[in-house]
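The block underneath contains the structure these notes are about, expressed in structure tokens.
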Amino acid sequence: MKKIVHLSDLHFGRIDAGLVEPLVEAVNAAEPTLVVVSGDLTQRARSQQFAEARAFLDRLPHPQVVVPGNHDVPLYDVLERFARPLDKYRRHISEEVEPVYEDEEMVVAGVNTARSMTRKFGRVNGRQVERLRERLCKYPDGVLKVVVTHHPFDVPAGTDEREIVGRARMAMEALAACGADLLLAGHMHVSQTGRTAERYRIHGHSALFVQAGTATSTRGRGEANSFNVIRLKHPHIQVERRVWKPEAGEFAGANAETFRHTHEGWERLPEEVAAGITFDEGGTGLQPHIPEE
Ligand SMILES: [Fe+2]
Ligand SMILES: [Fe+2]
């Protein structure tokens, strides 16, 4: 069993400071295989904010896959914005803005979707997709292939679709050919889980997209602060939302969705079926994917 803790949109510089200790505690207690942070580590890309984000990351378990978000590119310092957009990010967080994690059951690849030319929207380009293909395609189908971006590949109904990462369809078609399984993102400050087949209709392929809400920002867009715990025990994935409960002073499990991988992609299991699946005990449970017809 593998476990990913997925945090997003920390926004140091505009955080609810009372959440930091309970969050550090909850993430450590989860004992994840990997911690993913899908961007917007800071509010305004200031050195002090990056230093605070760095100190926070240092207190979380490793390994970690961290990517920048649009807020990690300076907004007002025009010279910095265009000449060295991720300079402070590289100095404080990581020289590598597209990190990759690999083990025998999963490969997790980060992609930088933040851009200087646009204030909040993001995109992927052909070169990045080519690199993703190099990183993911070489793995057999039994290995879970995970892509981490800040800007999402899908958004809730009624949301401005420009929030979707630019050139998403081009990327999805390339990733579908490699069997990308799971797309982790943030940016919306709203949690969401769904199947890519509903938007992209790529023959024979359906990945699962998971957006985490904001873990610590005071801008929750009507949602409480939260993060996700994703358990993988092939062929099942469980996405559990942990939500901040101020009255209890802790992040508590709110809801969990369980999916099974079939030859048609991910199928959401009814609660009574999901209840019979144990993720936390026994070996890795790694089995090859059911091959395509
Ligand atoms: Fe954000
Ligand atoms: Fe963002």
Problem - Residues satisfying the stated conditions in region 115-151, i.e. within 16 Å of ligand 2 (Cβ to nearest atom), at pLDDT below 95 and not hydroxyl-bearing (Ser, Thr, Tyr) - result: Arg115, Met117, Arg119, Lys120, Phe121, Gly122, Arg123, Val124
Fill in the blank from the handout: Only one of (1) within 16 Å of ligand 1 (Cβ to nearest atom); (2) touching a Gly at 6+ places or on another chain (Cβ under 6 Å) does not apply to Leu184, and that is (2)
Practice task
Could you list, in sequence order, all residues of region 235-264 that are touching a His at 6+ places or on another chain (Cβ under 7 Å) and in a loop (DSSP other than H, G, I, E, B)?
Solution key: Pro235
Problem - Any chance Ile202 is within 26 Å of Thr42 (Cα to Cα) and either at pLDDT below 95 or surrounded by fewer than 24 Cβ atoms within 10 Å (Cβ to Cβ) (or both) - result: no
Practice task
Scan region 11-44 for residues that are within 12 Å of ligand 1 (Cβ to nearest atom) and either within 17 Å of the chain's Cα centre (by Cα) or assigned to a loop (DSSP other than H, G, I, E, B) (or both) and jot them down.
Solution key: His11, Gly13, Arg14, Val37, Ser38, Gly39, Asp40, Leu41, Thr42, Gln43, Arg44
Completion exercise
Restricting attention to region 265-290, the residues that are outside any loop (DSSP other than H, G, I, E, B), modelled with pLDDT of 85 or more and in contact with a Ser or Thr (Cβ under 7 Å, 6 or more places away or on another chain) number exactly 2
Exercise for the section: Name, by its number, the condition in (1) buried (at least 20 other Cβ atoms within 10 Å of the Cβ); (2) free of Cβ contacts under 8 Å to residues at least 60 places away in the same chain; (3) over 20 Å from Leu182 (Cα atoms) that does not hold for Ala83. Expected result: (1)
Completion exercise
Those residues of region 218-233 which are outside any strand (DSSP E or B) and within 21 Å of Asn28 (Cα to Cα) amount to Ala224, Asn225
Practice task
Quickly run through region 158-187 and pick out the residues that are modelled with pLDDT under 95 and within 16 Å of ligand 2 (Cβ to nearest atom).
Solution key: Thr159, Asp160, Glu161, Arg162, Glu163, Ile164, Val165, Gly166, Ala168
Handout entry: Selection status of Gly265, more than 21 Å from Val5 (Cα to Cα), touching a strand residue (DSSP E or B) at 6+ places or on another chain (Cβ under 9 Å) and crowded, with 17+ Cβ neighbours inside 10 Å
Key = yes
Practice task
Working carefully through the options Ala55, Ala51, find the one that is in contact (Cβ under 8 Å) with a residue 12 or more places away in the chain, of a type outside the set (S, T, N, Q) and away from ligand 1 (no atom under 16 Å from the Cβ).
Solution key: Ala51
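Every residue, every condition in (1) in contact with a His (Cβ under 7 Å, 6 or more places away or on another chain); (2) away from ligand 2 (no atom under 13 Å from the Cβ), yes or no:
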| residue | (1), (2) |
| --- | --- |
| Lys3 | no, yes |
| Leu7 | no, yes |
| Leu10 | no, no |
| Arg14 | no, no |
| Leu19 | no, yes |
| Ala29 | no, yes |
| Gly39 | yes, no |
| Gln49 | no, yes |
Problem - Pairs, first farther than 22 Å from Pro99 by Cα in region 146-160, second assigned to a strand (DSSP E or B) and within 15 Å of ligand 2 (Cβ to nearest atom), C-beta under 7 Å, six or more apart - result: Pro156/Gln192
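The values are calculated or read from the model by the stated rules, or taken from the named source; none is laboratory data. These figures come from a predicted structure and were not determined experimentally. Heads up, the Cβs are rebuilt from the backbone with ideal geometry, glycines too, and the neighbour counts pull from every protein chain shown.
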